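I have placed the structure first, in the form of structure tokens, so that the comments after it can refer back to it.
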Amino acid sequence: MQIICLQENLKQALNITERIIGRNLTLPILNNLLLTTENNRLKISSTNLEIGIISWINGKIEKPGEITIPAKLLSNFIGNLPNKKIEMRVKGSQLHLKCENFKAVLNGLEAKEFPIIPKIKDKPLIRIKGGVLKANLSQVVEMTSLSDSRPEISGVLMNFEKNTIKLAATDSFRLAEKIISHNQKESINQAMIIPQKTIQELIRILGEKEAANDNQGQEVEIILGNNQVLFNLGDVQIISRLIEGQYPDYQQIIPKNFTTHATLIRTELINNIRVASLFSGKVNNVQFFIRSKPALIEIFAKDIDVGENKSQIEAKIEGKEIEIVFNCRYILDGLNNIMSDKVILGLNNNSSPVIIKPVGDASYTYLVMPIKA
């Protein structure tokens, strides 16, 4: 293999592909990137056996070939080179690199040892703007469970229905749902659970391309395979296994009616909870007092080793007064993923789920379970 390409393009492709690679002692080949030529472009592949990432870059292919090279070493070396042309040449199991006054020889492994990354060639379920997909996934991905005891809630549910995609994530203590509207003519009825790590990588890559002004108006194809999903960004592909199992019917626990509504400014609520969290101790508990006369929300936190804090926020209160206790971190996670100026809290009693919604946006719902006092 003999290739000439730009350092900037190679650096970007390496940054995209090498992040999923950890230190693997049992299968050393997984510490490597696969470099190969395909259709007059350089193809760079990585995998951890659950996620595969492929990135293509343009270059002058003088001789086809392939090799695998340690990911971290290659990425760090290329990242420190000047933004000039890089010459790469494979000799046996070594990669020879040259860029201006820099020369290096990197030891690699044969490409035939690299795991096969599945190819999914089915018709896309949908095409969606990259910026839209990134923004909506970012609002739910943090809520997935980190425990392996219930694998079905350790990922994000992506449920395709007529004219909508419902995204949902929960860890059983809180839940986020985001509805994306689309006008695709063909009716879709499909649901899949995508691992949290895959969604995080997709968000990261879309963000990097956005920062590089490389995805203006770019569409992402979502393609379903045999227990696998492919996100096709054109010059980048992310292939992931899906989580098996039935996602919980979370709609059953979302209250439809409330005895109390509280409407208030989102940033004021965030700031008051952050201050209260300093006094909430290791359990992160803060107490809310929803008052109707005068109409306000009082937030209280106390820790025997630190002290106590009390603050008040003006709010529009409709319905009964309620005293309720929350994990302040869970409340903040929901509020930080809402973009509107005001939010509305729907409550029933001190042991029932509480709903937080942005005012003027029915597409996002955040549910949090209170802590029983």
**Study point:** Selected residue (only one of Ile20, Ile69 is under 30 Å from the mean Cα position of the chain (by Cα), at pLDDT 95 or above and not hydroxyl-bearing (Ser, Thr, Tyr))
**Key:** Ile69
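Any residue in region 91-113 that is among the aromatic types (Phe, Trp, Tyr) and in contact with a helix residue (DSSP H, G or I) (Cβ under 7 Å, 6 or more places away or on another chain)?
So far as region 91-113 goes, no, none of its residues is among the aromatic types (Phe, Trp, Tyr) and in contact with a helix residue (DSSP H, G or I) (Cβ under 7 Å, 6 or more places away or on another chain).
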Check your understanding: Taking the condition closer than 15 Å to Gly131 by Cα and either touching a strand residue (DSSP E or B) at 6+ places or on another chain (Cβ under 6 Å) or at pLDDT 95 or above (or both), does Val229 pass?
Key -> no
**Study point:** Members of region 136-163 found to be under 14 Å from the mean Cα position of the chain (by Cα), assigned to a loop (DSSP other than H, G, I, E, B) and surrounded by fewer than 21 Cβ atoms within 10 Å (Cβ to Cβ), listed by number
**Key:** Ser145, Leu146, Ser154
Check your understanding: Does Glu318 satisfy the criteria of being at pLDDT 95 or above and among the acidic types (Asp, Glu)?
Key -> yes
Study note, to complete from the structure: Turns out the strands (runs of 3 or more DSSP E) fully within region 18-110 with at least 1 residues that are loosely packed, with under 14 Cβ neighbours inside 10 Å and free of Cβ contacts under 8 Å to residues at least 12 places away in the same chain are 85-91, 102-107
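The values are calculated or read from the model by the stated rules, or taken from the named source; none is laboratory data. Remember, it's a predicted structure, so these values are computed and weren't measured experimentally. Because the Cβ atoms are built from the backbone with ideal geometry, glycine has one as well, and the counts that use them run over all protein chains shown.
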